[in-house]
Amino acid sequence: MRLPGPGMLRVLSTLAKGHYRLSMPLSEARAIHCQAMQRQELPVNSSLVSAPATIYPTTAEELHQVVAANTPVFLLHPRERHFPCSVEWFLERAELLLVRKGWRRQVLQVLEPFGKLSPAALKAAQDSFATHQQEVQRQERRRKRKQPNSFMMLRLGEAYRAGQADCINDVPVYAHVKEVVDPLGRRDSIEINYMKFLAYNGYYKVFNTFYVGELGAHDADWEHITVRLSPDASRVLGIYYSAHRHYDGVWLSASSIPREPNGRPIVYTALNGHGAYWFPGFVPRLFLAFNDLTSDQGPVWDAKRCVLVTQGKLPQVVSRGTSLDGSSYSSGLERSSMSSVEVVSDPSAADWLAFEGRWGSTVVAPALQDWFARAENPISRTWLQQVFLPLWPGLDSVWEPAQEELEELTERMQLDMEAAMESARSTAKESDKMVEEMVRKARDETHKSWEETLKVVKQYSKRTWWRR
């Protein structure tokens with residue numbers, strides 16, 4: 001059954017490129033999604049599963065072959081000045097900072113200086129920071145005063161913002177493979193997230209004409225595309241071209257995917273922002289003020305290596321539906337010739353994949369992004385929606401610091417109000433004690449005065465009696 005998309009897309013269905021197929025009841029999807037987000041394996045009832053006798057890929061070699069055969073070739077813009085780099089290269093030229101949240105990104109402490117970082121050092125720093133945060137929380141409870149909100153941030157040296165421009169083909173692409181299943185645990189498809197990492201996200205030209213400060217610029221830029229394969233991994237069904245924030249992307253069915261003669265998909269990479277597209281030219285976005293430009297005349301990033309960050313058994317994620325048209329082409333699993341891309345596994349990737357700080361001022365680690373832990377977003381957004389109805393994820397880098405500033409201001413105001421109320425309560429208690437003391441003294445003095453009065457009356461009465 002084909003149903004319209006939720007919320008805004010339902011109202012604006014005439015603008016949508018197509019509907020997506022809902023593959024499960026909503027209540028059941030929510031329950032299974034909670035399990036997937038916690039990275040728990042889904043239970044499979046063997047009596048309900050009717051899987052084929054052989055589920056591919058059956059070996060690590062077959063998995064590597066499929067990943068290599070579909071590693072994208074990225075076409076960069078001829079005016080691009082910020083190129084890809086490996087994670088290790090970036091860390092060696094970056095410093096790890098403790099910064100205050102908000103617009104200013106005020107540096108509170110240098111945790112690791114330039115030249116001291118590696119994946120292992122990053123993991124150790126994160127563990128140390130977690131211990132530090134626990135101590136800060138204890139101090140806050142003891143002092144009843146909140147410390148400034150802070151987080152860890154990786155900052156690249158300005159001299160290295162060009163990335164590995166002189167050897168981009170030596171820079172690896174990173175891949176994460178997931179098994180997409182239905183609510184009964186049956187394999188629905190295979191998804192491969194191909195991640196590209198660039199040293200710097202360049203400035204945006206407003207209306208492709210002029211710069212406004214450093215708008216849109218930040219260190220470290222993680223972008224990705226997702227290749228969807230058939231359940232046996234033998235056919236490519238489609239590709240999700242993600243641009244900037246992953247909700248602002250488009251699914252392309254296999255019949256429409258541009259490819260190299262060897263079958264590998266082609267991805268046109270936007271100037272400065274590095275969003276992924278399937279065509280060269282002008283891409284309108286965000287009220288036509290912040291547009292993307294792609295080209296087929298610039299440098300070609302044809303990676304020699306693809307680093308597989310998925311370790312052990314493929315993680316299972318719940319299907320979110322699809323809008324693909326059913327076309328397909330060979331994934332390369334059955335090809336006799338080997339791909340020119342070498343696929344390697346990297347156990348050390350676990351040290352940086354889920355880094356809880358920021359890569360640059362705004363970017364979170366891949367494993368903490370929604371698309372990594374779930375099946376890919378099933379909805380394609382049309383250019384009309386991207387221009388006139390931009391989703392909030394596309395504006396995070398602009399509004400997030402302001403939100404952080406507002407949240408901290410609100411927290412401080414709340415704490416100040418609580419402190420003022422506590423002071424008022426303390427003052428009221430002291431006032432109550434003073435009033436009680438005054439009343440007690442007045443009562444004592446009144447009682448004493450009455451006693452003296454009674455004594456005088458008694459004495460007067462006694463004298464009067466004797467006279468009689």
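Read-outs: derived from the displayed coordinates by stated rules, not from any lab. What you see is a predicted model; the values in this text were computed from it and never measured. Heads up, the Cβs are rebuilt from the backbone with ideal geometry, glycines too, and the neighbour counts pull from every protein chain shown.
Mind listing the long-range amide H neighbours of TYR329? Cut-off is under 5 Å, sequence gap 5 or more, other chains count too, H placed in the peptide plane at 1.01 Å from N.
Placed amide hydrogens put VAL236 under 5 Å from TYR329.
Out of residues 5 or more away from ARG358 or on other chains, whose amide H comes under 5 Å of its own, with H placed 1.01 Å from N in the peptide plane?
MET152, MET153, LEU154
Which residues' amide hydrogens lie under 5 Å from the amide hydrogen of ASP248, considering only partners 5 or more residues apart or on another chain, with H built in the peptide plane?
Under 5 Å from the amide H of ASP248: ALA243.
Just to check I understand the Karplus step: with θ = phi - 60° and J = 6.51 cos²θ - 1.76 cosθ + 1.60, what whole-Hz values come out for segment 252-257, glycine and proline as x?
My calculation for segment 252-257 gives 10, 5, 4, 5, 9, 7 Hz in order.
What is segment 252-345's relative contact order, in percent, from Cα pairs under 8 angstrom and six or more apart in sequence? Write down the numbers at each step before the final one.
Numbers: 96 pairs, mean separation 26.5, N = 94.
Once divided by the residue count of segment 252-345, the mean separation gives 28 percent.
Determine, for each peptide in 83-94, 110-121, the mean count of other beta carbons within 10 angstrom over its residues, then list the peptides with the highest first.
83-94, 110-121
Through the Karplus equation 6.51 cos²θ - 1.76 cosθ + 1.60, θ set to phi - 60°, convert the phi angles of segment 116-122 into ³J(HN,Hα) values in whole Hz; use x for Gly and Pro.
10, 9, 8, x, 5, 5, 5
For SER426, what charge total do you get from the other residues with a beta carbon under 12 Å from its beta carbon, if Lys and Arg give +1 and Asp and Glu give -1?
Within the 12 Å Cβ shell, the charges total 0.
Quick one: which of 416-429, 218-231 comes out on top by average Cβ neighbours within 10 Å, and what's the full order, highest first?
218-231, 416-429
Take the alpha-carbon centre of segment 257-308, take the same for segment 410-468, and report the distance between them in whole Å.
84
On a straight-distance basis, which lysines could pair with LYS178 in a cross-link, Cα separation under 28 angstrom, same-chain partners fewer than 8 positions away excluded?
LYS17, LYS123, LYS196, LYS304, LYS313
Can you sort LEU384, LEU237 by how many other beta carbons sit within 10 Å, fewest first?
On the way: LEU384 14, LEU237 24.
With the sparsest Cβ surroundings first, the list reads LEU384, LEU237.
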